[in-house]
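**Student:** Sending over a structure as structure tokens; questions will come in a sec.
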Amino acid sequence: MGEGAERVGVGMVGGGRIADLNKLGWLEHDRGEIVAVCDVNATTREARAAEWSCRAYGALEDLLADPDVDAVEILTPHHLHADQAIAALDAGKHVSLQKPPTTTLAEFDAVAAAAERAGTVCKVFENFSFYPPHRLARRLVDEGEIGEVLSVRIVTAGGRGEGQGWNVPPEANAWRMDPALCGGGMMTFDHGFHCFQMGRMFVDAPVERVHAFINVIDFGDGLQIDAPALISWRYGGLPPRFGSWELVASLELDVLSDYYVSDDRIEIRGNRGIIWVNQCTGKLLQEPALVLYRDGEVRSFHRLETDWAASFRDSTFDFIDAVLEGRPAQLTPAEARETLAFALAAQRSAVERREIVVAELGS
Ligand SMILES: NC(=O)c1ccc[n+]([C@@H]2O[C@H](COP(=O)([O-])OP(=O)(O)OC[C@H]3O[C@@H](n4cnc5c(N)ncnc54)[C@H](O)[C@@H]3O)[C@@H](O)[C@H]2O)c1
């Protein structure tokens with residue numbers, strides 16, 4: 001794709017569960033197009049090629065050799081991300097890399113170095129940052145509505161799986177049960193990347209210290225879930241500011257959802273006001289998506305787009321527009337590295353049963 005190109009052609013690498021949401025932006029943006037898919041599973045790649053009317057490849061190098069592929073979306077299990085992203089960047093492609101971008105900081109630094117060499121757009125795809133109520137919350141913080149942010153509290157409600165929300169195929173859970181492939185817990189590392197990003201999104205200070213209690217529920221047959229969990233952290237600088245993420249596993253709770261059966265609520269407290277974002281992936285309670293309290297008055301925001309899918313569409317739009325405009329996309333590698341270090345610090349804290357200074361993980 002040359003300077004001033006009209007369209008961005010993407011190769012989707014991995015056509016599994018999340019491709020159903022990552023495809024949306026490509027189908028809806030008038031200057032984006034899915035031109036190819038690569039999946040090692042022949043049934044999956046043929047089905048996706050038919051669905052998207054695009055070419056199908058079984059090997060990444062063949063997709064990367066396709067001159068119509070300007071950019072790649074990496075939607076494979078986490079342990080493959082680093083090598084695939086580096087191969088794509090070395091082939092001169094723009095890369096959108098699903099969270100968690102890698103399983104270690106060393107791998108992440110190799111990806112960031114490849115991005116630097118390539119000079120193409122390298123985006124770590126984290127969609128909670130694009131969820132419309134979260135974006136409004138950040139805007140209200142920027143506009144000073146709640147004064148200085150003093151605390152961020154996140155609660156994730158995991159609910160009953162049967163008969164609700166998405167059908168997640170057993171293959172999509174299998175690799176998530178193997179620490180060598182997933183790098184950390186399916187809830188506290190995989191889903192956690194979103195919550196750690198939320199922990200960073202509303203406070204303009206680095207997260208310096210982290211403590212995590214992470215329980216593991218063993219369901220037998222090789223299925224485990226790293227829940228419940230309670231993770232807390234301290235931001236750098238003054239005044240003293242703390243954040244927390246509580247993950248509650250309510251295994252008999254109905255969580256209304258069109259996607260995963262979980263929902264996230266965020267409370268951002270400032271020295272003058274409070275913001276609540278009451279839903280995200282699911283629709284646990286029928287409350288306004290965002291509520292603002294300040295000066296004795298409550299404002300409720302009802303007219304926001306609250307479908308979780310919108311966060312995927314808008315994050316993909318950001319990638320396509322960044323490629324077309326020659327600007328960085330969100331998350332940049334530098335931003336994503338901070339979130340990854342935060343996530344890894346929480347994993348280490350739970351294992352070593354002590355508070356972790358994030359800088360211990362290496363700067
Ligand atoms: N942003 C989000 O909210 C969100 C949600 C779910 C998953 N994800 C991320 O997306 C990624 C994929 O998750 P998923 O749930 O779709 O998993 P999945 O198991 O459903 O899909 C992975 C796909 O990759 C394919 N694959 C495996 N090895 C491959 C290879 N070497 N080359 C090409 N294709 C290969 C598999 O055949 C499968 O179709 C993970 O990194 C996950 O963290 C993000």
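The values are calculated or read from the model by the stated rules, or taken from the named source; none is laboratory data. Only a predicted model underlies this, so the values are computations on that prediction, with no experimental measurement involved. Cβ placement follows ideal geometry from the backbone for every residue including glycine, while neighbour counts extend to all protein chains displayed. Areas reflect the complete protein model, heavy atoms only, side chains present, ligands, DNA and RNA absent. Shrake-Rupley method; radii C 1.70, N 1.55, O 1.52, S 1.80 Å.
**Student:** Among the residues of segment 139-160, count how many are open to solvent by less than 50 Å² (accessible area, probe 1.4 Å) and at pLDDT 95 or above.
**Tutor:** Residues in segment 139-160 being open to solvent by less than 50 Å² (accessible area, probe 1.4 Å) and at pLDDT 95 or above: 11 in total.
**Student:** Yes or no: segment 267-277 includes at least one residue that is without any contact (Cβ under 8 Å) to a residue 60 or more places away in the chain and on the phi > 0 side of the Ramachandran plot.
**Tutor:** No; the residues of segment 267-277 include none that is without any contact (Cβ under 8 Å) to a residue 60 or more places away in the chain and on the phi > 0 side of the Ramachandran plot.
**Student:** Which residues, taken from segment 1-37, are basic (Lys, Arg) and within 12 Å of the ligand (Cβ to nearest atom)?
**Tutor:** Matches in segment 1-37: 17, 23.
**Student:** May I ask you to list pairs of residues, at least six apart or on different chains, whose Cβ atoms are under 7 Å apart, with the first in segment 197-211 being closer than 19 Å to residue 333 by Cα and the second being open to solvent by 20 Å² or more (accessible area, probe 1.4 Å) and of a type in the set (Gly, Ala, Ser)?
**Tutor:** 205/237
**Student:** Identify, please: which residue in segment 315-342 is touching a Leu at 6+ places or on another chain (Cβ under 8 Å) and not small (Gly, Ala, Ser) and is, among those, most open to solvent (accessible area, probe 1.4 Å)?
**Tutor:** 337
**Student:** Going by the structure shown, is residue 74 touching a residue at least 12 places away in the same chain (Cβ under 8 Å), open to solvent by less than 20 Å² (accessible area, probe 1.4 Å) and over 21 Å from residue 188 (Cβ atoms)?
**Tutor:** yes
**Student:** Could you identify the single residue in 345, 310 that is open to solvent by less than 10 Å² (accessible area, probe 1.4 Å) and either touching a strand residue (DSSP E or B) at 6+ places or on another chain (Cβ under 8 Å) or in a loop (DSSP other than H, G, I, E, B) (or both)?
**Tutor:** 345 is the lone residue from the list that is open to solvent by less than 10 Å² (accessible area, probe 1.4 Å) and either touching a strand residue (DSSP E or B) at 6+ places or on another chain (Cβ under 8 Å) or in a loop (DSSP other than H, G, I, E, B) (or both).
**Student:** Then there's this: Determine, yes or no, whether residue 55 is touching a helix residue (DSSP H, G or I) at 6+ places or on another chain (Cβ under 8 Å) and either open to solvent by 40 Å² or more (accessible area, probe 1.4 Å) or free of Cβ contacts under 8 Å to residues at least 24 places away in the same chain (or both).
**Tutor:** Yes.
**Student:** Mind checking which pairs have a first residue in segment 11-29 that is touching a residue at least 40 places away in the same chain (Cβ under 8 Å) and within 14 Å of residue 313 (Cβ to Cβ) and a second that is more than 9 Å from the ligand (Cβ to nearest atom) and open to solvent by 30 Å² or more (accessible area, probe 1.4 Å), Cβ under 7 Å, 6 or more apart or different chains?
**Tutor:** Once the first residue is touching a residue at least 40 places away in the same chain (Cβ under 8 Å) and within 14 Å of residue 313 (Cβ to Cβ) and sits in segment 11-29, its partners that are more than 9 Å from the ligand (Cβ to nearest atom) and open to solvent by 30 Å² or more (accessible area, probe 1.4 Å) give 24/313; 25/313; 25/317; 26/33; 28/313; 29/317.
**Student:** Quick one: which helices (runs of 4 or more DSSP H) sit completely within segment 161-272 and have at least 2 residues that are at pLDDT 95 or above, within 15 Å of the ligand (Cβ to nearest atom) and open to solvent by less than 10 Å² (accessible area, probe 1.4 Å)?
**Tutor:** 192-201
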